[in-house]
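Take a look at the structure below.
The values are calculated or read from the model by the stated rules, or taken from the named source; none is laboratory data. Source: prediction; values computed, not measured. Please note: Cβ atoms are built from the backbone with ideal geometry, for glycine as well, and neighbour counts cover all protein chains shown.
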Amino acid sequence: MNESTVAWAAGLFDGEGSALISHTSTSYAIVVTIANTNREAISFFHRNWGGRVRVRTVKEWVERYGRTANHDSYRVDFDHAEAERLLLDLYPYLVVKKKEAEIVLRALVALPKQEVTSGSRFPKKTPPGSGYILASYYEELRNLKNS
C-alpha cells in the first residue's frame, strides 16, 4: 500500500475511528474500531487490516435504538493482533488520535499474547491477571480525554 493511501486511511481513522480501553466493574477491554456509512471505506479497512464487519440498517437504528438514520452504517472491530498492526501502520500519519493510539499500542504490547481465531472480535475479557495492566492505561486515556 502506498504512503498516500495509508495517510488517507489515517485521516479517516482520525475522524471516524476509536482506539480506547473500555471498563466495566469487572473487566477492561481494548477496543479499536472504525465506523462509517460508506461501505467502500469500511471494506477498505477490512481488506487491509482484517477485523469483523458489522452492519446496522436504517430499520435497526429505529427499532433497536429509537434513533432515525438516513443510511445503513458499517463498522469494523479489530482483535488485538489486527488492532496492533492497524495502529502501527497508521501511527505516523495520525493527528487527532495519535496520543490515544500510542497509549493503546503500549497497552497491547504490555498484555500477554494469546491466540485469537480468525474472524473473532477481541477477547471478551483480557487474559487472566491483565486487568491491573490495562487499569493504568485506562486511567492514562481518561486523563488525556479530561485534559
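Annotations for the structure displayed:
- In the stretch 42-59, residue nearest to the chain's Cα centre (by Cα) [restricted to those that are surrounded by fewer than 18 Cβ atoms within 10 Å (Cβ to Cβ) and among the aliphatic types (A, V, I, L, M)]: Val53
- Total residues in the stretch 78-103, condition in a helix (DSSP H, G or I), more than 10 Å from the chain's Cα centre (by Cα) and under 14 Å from Glu16 (Cα atoms): 3
- Set Val53, Val6, Val32: member being touching a helix residue (DSSP H, G or I) at 6+ places or on another chain (Cβ under 8 Å) and assigned to a helix (DSSP H, G or I): Val6
- Restricted to the stretch 93-102, and to residues there that are in contact (Cβ under 8 Å) with a residue 12 or more places away in the chain and surrounded by fewer than 20 Cβ atoms within 10 Å (Cβ to Cβ), the residue that is nearest to Ala9 (Cα to Cα) is Tyr93.
Conditions (1) farther than 26 Å from Asn2 by Cα; (2) of a type outside the set (Gly, Ala, Ser), marked per residue:
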residue	(1), (2)
Asn38	no, yes
Ala41	no, no
Gly50	no, no
Lys59	yes, yes
Leu86	no, yes
Tyr91	no, yes
Val95	no, yes
Ala101	no, no
Leu111	yes, yes
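- Here is the figure for the stretch 23-45: residues that are free of Cβ contacts under 8 Å to residues at least 40 places away in the same chain and not β-branched (Val, Ile, Thr) total 8.
- Scanning the stretch 60-80 for residues being crowded, with 16+ Cβ neighbours inside 10 Å and free of Cβ contacts under 8 Å to residues at least 40 places away in the same chain gives a total of 3.
- Of all the listed residues (Leu134, Leu111, Leu87), the sole one being surrounded by 13 or more Cβ atoms within 10 Å (Cβ to Cβ) and at pLDDT 95 or above is Leu87.
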